[in-house]
Amino acid sequence: MSTDFFAEELPPPSASLGLGAAGICEAFPFHLGVDGDLRVVQCGATIARLIPQLHERPLLSDIFEARGQPLPRSFAAFGTISHRLLRLGCRHREALVLRGQFLPDASLTHLLFIGSPEVNDLARIVELELSINDFAAQDMVNDYLILLQTQQAALADANHMAEALELLNHDLEERVAARTKSLEEANIALREQMAERARIEQELRLAQKLESVGQLAAGIAHEINTPIQFIGDNLRFVAESLGQLEQVYTAMEALRTAAAERPEAVELSRAMEAADLDYARSEMPNAVAQGLEGVDRVATLVRALKEFSHPDVAESVPTDLNQAIRTTLTVARNEYKYVAELVTDLAAELPPTPCHVSEFNQVVLNLVVNAAHAIADVQAQRGRGTITVTTRRAGPWCEVLIGDTGTGIPEAIRERIFDPFFTTKPVGRCTGQGLYLARSIIVDRHKGELSFTSTVGQGTTFLIRLPLTPAGKEAA
Amino acid sequence: MYGLVNGAIQDLIIHAHGEAAWERIRQRAGVTAPRFIAMTPYPDSVTADLVAAASAELQVTAEQVLEQFGQWWLSYAASHGYGPLIGTIGHDFVTFMANLNEFHDRLRSMFPRFAPPRLVVEVLDEHRFHLHYHSHRLGLTPFLIGLVRGLGQRFRTEVDIRHLQVRGPDHDHDVFLITHHRQEA
C-alpha cells in the first residue's frame, strides 16, 4: 500500500499518530522487529511464546527461512522486497509459517515484519497450541477458522446424512423387495385359492348335476315301476290264461274232428289255417315268457336305479357292499357291455361295512366306467376285454378290487392321476374329477385307502380298502 | 437453537439410556424427524420440549436433565467435528472460560440466528473468579453449571460452583463464584 494514496484522497497521516511498541505488540502479536544487522530485536508476545529463541536476539536467518525465495542478505536488500507478501518458515517449528510483509520504520533503521501464522486447517492451530486470544481481535484468522470448522462439520453432517439416506434407501429397497415378495406370495396364494374355489364350484356343480340326475332317475324309476308292474301282472295273467286256453283248444279240436263233415267245422278249419293257429299256439308261451323276462330285467334295472340314486345320509351306515356293487354294475352295464365281459367274485361272508353307500356307488361306477374306457381304447386291436370285480375281507379291512384288461397307466402320469382336473381323455369324455373325487371319498370321507397297480398294455387294478369299523384305519 | 444442540440431547439420552428411551422421549416431545441437522436453526421450543419429555420419561427434574446436558455438551461437540475449534478457545480452564464470550461473539457475527449468552469472567485471584451470566433465555442456569463442570473435567480441574446472584426483579443477570484447582497429573 502506498502513502501516495493518502496524499491524493485524504489528509496526510499525522506524524504524531503512532501505535508505539505496546500498540504494535497488541495489534500484531506475531510481528518481528529487525535491526540493521538483521537481528530480531522485537517481537509480539505470541510469537515469542512459540519461538523462545527470539528472546536471544537471534539473526533473522537463524530462525526463519523464506519459503519460495531466499531471504535478502543485507538490510538494504530488504528494500527490494518490502511490501511484498512473504512466507517465513520457522526453522525450529515445522508447523509454524508466518505470512506477511516487511516494512521499514519511519527512521529507516529497522524493519517490521507484520504477519500472522499461515493456517489452512485447525489441526495446525492445535498443534501450535494457539487459542483465539493469541490472535489480534481484528485478525480474520479466527473467523476463517470458525467458518472452516463449521464448513467441515456441516460437510461431515451432510456426509452422515447422505450415508443415512443411503441406508434408508437400502432399507426401503429391501422393504419394497420384501413387500413385493409378500405380494407375489399373496398373489400365488390368491390364485391357488381361486383355483381351489373353481374346483370346489365345479365339484358342487357336478354334485348338483349328479343329484339332479339321481332325482330324475329315481323319479323315472318310480314312474316306470308302476306300468312295469301291471305289464308283468298282465303277462303272467296271459301266461296262465294260455294254459287254460290250451285245454279249451284241445276240446275244440276233438269237437272239430268229430263234426268234420259239418259246414261249420269246415269253416272253422279254414279260419284256423288262415290264422296259423298252430304256430301261434307254439310261439305264444315263448313270447309271453320272453316278455316276462324283459319285464323282470326292466324291474331289476329300475330297482337298481332307485337304490343307486338313493339319497345319502350324513353318517356312514353298515352296508352290504356286494349288493351295492351289484346295483352299480347293473346301472353301469350300458357302459361296459359292448366292450367287456364282466366277471364278479363277491365274497359271500363279507360283513356289513360302514359306508356312505351313495358315494361308494359313485366310486365303483367311476372305476368301472374308467375300466370300460381303458378296454375300449384297445378294443380295436385286442377285441373285448374283461372287467373283474372282486370283494374280500382282509383283517380289519373290506377290500374291493376292480380290474381291467385295458391300456394300463403309463409310468409318467401315475403320480398325477388323482390330481383334480387331470385327465388323458378328450374334452367332453371326462371331467378329470372322477379319480380325484374317488380318492377324496375313500380316503377323506371313509378313512380308507385307494391305490392301484398297473402294467402298460396289460391293464390296471384299483384297490379300495374300507375300514370295517369307523376306527379301522387307526386299528390297522 | 441450532440442530447441533438438540443432537447433543439426543446423543446424551441414547448414550445414557438407550435408543428405546430416546424414541419414547422423541415421541413424547412431538419431534417427528429421526435426527437433527447440526447447522439448521430449530425453534427453542423443540429443545424445551425435549428437556421436558426427558424429565418426564426419565423421572428426573428438568434441572437435572439440563445440568447433565451441559456437562455432556462440550464432549459431544468436540466429538462431532468441533474438537479443533473448541481447542482454540483455550488450553486451560480459566482461559477457556475467559475466551468463551469472544468465541460466542465471533460465532454470532457469522451466524445471525445464533443467540448465545454473554459470559464475563471477573478474575478474583489465582483460584477464583466470578462468572457473570447474561442470557435472554430463562431457566438455563443448570445447563451453565453442567457446562462448567464439564470444562473442569476436560481440563482436569476441580471446580466448585456457588450461585451468588440469581437473576430476578433486582438483578438482570446471574453471578457464580467459581473456585478451581488443577488436579495433579
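The lone criterion from (1) more than 23 Å from A:ILE442 (Cα to Cα); (2) free of Cβ contacts under 8 Å to residues at least 40 places away in the same chain left unmet by A:GLN379 is number (2). Just one of the numbered conditions (1) more than 21 Å from A:GLN152 (Cα to Cα); (2) open to solvent by 50 Å² or more (accessible area, probe 1.4 Å); (3) assigned to a helix (DSSP H, G or I); (4) within 14 Å of another protein chain (Cβ to nearest Cβ) is not true of B:GLN10: (2). Return yes when A:VAL126 is modelled with pLDDT under 80 and facing another protein chain (nearest Cβ under 7 Å) and no when it is not. Answer is yes for this residue.
Can you name the residue in region B:18-53 that is farther than 27 Å from A:ALA154 by Cα and within 20 Å of the chain's Cα centre (by Cα) and, of all such residues, is surrounded by the fewest Cβ atoms within 10 Å (Cβ to Cβ)? For region B:18-53, the residue satisfying everything is B:ALA52.
Looking only at region B:118-134, decide whether some residue is within 14 Å of chain A (Cβ to nearest Cβ) and closer than 25 Å to A:GLN151 by Cα. Looking for residues that are within 14 Å of chain A (Cβ to nearest Cβ) and closer than 25 Å to A:GLN151 by Cα, one finds none in region B:118-134, hence no.
Note on region A:136-181: residues that are of a type in the set (Gly, Ala, Ser) and open to solvent by less than 30 Å² (accessible area, probe 1.4 Å) amount to 2. Restricting to region A:418-475, name every residue that is closer than 21 Å to A:GLU315 by Cβ and at pLDDT below 80. Residues satisfying the conditions are A:PRO470, A:ALA471, A:GLY472, A:LYS473, A:GLU474, A:ALA475. Residue check: A:LEU245 meets all listed conditions (1) surrounded by 13 or more Cβ atoms within 10 Å (Cβ to Cβ); (2) touching a strand residue (DSSP E or B) at 6+ places or on another chain (Cβ under 7 Å) but one, namely (2).
Answer yes if at least one residue in region A:71-90 is in contact with a helix residue (DSSP H, G or I) (Cβ under 7 Å, 6 or more places away or on another chain), assigned to a strand (DSSP E or B) and not small (Gly, Ala, Ser), and no otherwise. Yes, some residue in region A:71-90 is in contact with a helix residue (DSSP H, G or I) (Cβ under 7 Å, 6 or more places away or on another chain), assigned to a strand (DSSP E or B) and not small (Gly, Ala, Ser). On the given criteria, is A:ALA239 surrounded by 12 or more Cβ atoms within 10 Å (Cβ to Cβ) and over 30 Å from A:ASN120 (Cβ atoms)? Answer is yes for this residue.
Restricting region A:319-348 to residues that are hydroxyl-bearing (Ser, Thr, Tyr) and either in a helix (DSSP H, G or I) or at pLDDT below 90 (or both), which is most open to solvent (accessible area, probe 1.4 Å)? My answer is A:THR330.
Please indicate, with yes or no, whether at least one residue in region A:200-222 is closer than 26 Å to B:GLY83 by Cβ and loosely packed, with under 11 Cβ neighbours inside 10 Å. No. Cβ-Cβ distances below 6 Å connect no pair with a first residue in region B:88-102 that is under 15 Å from A:ALA137 (Cα atoms) and more than 8 Å from every other protein chain (Cβ to nearest Cβ), a second residue that is among the hydroxyl-bearing types (Ser, Thr, Tyr) and part of a helix (DSSP H, G or I), and a separation of six or more residues or different chains.
The values are calculated or read from the model by the stated rules, or taken from the named source; none is laboratory data. Since the model is a prediction, treat every value here as computed from it, not as a measurement. When we count neighbours, we look across all protein chains shown, and the Cβ atoms used for this are built from the backbone with ideal geometry, even at glycine. Calculation scope for accessible area: heavy atoms of the full protein, side chains included, ligands and nucleic acids excluded. Shrake-Rupley method; radii C 1.70, N 1.55, O 1.52, S 1.80 Å.
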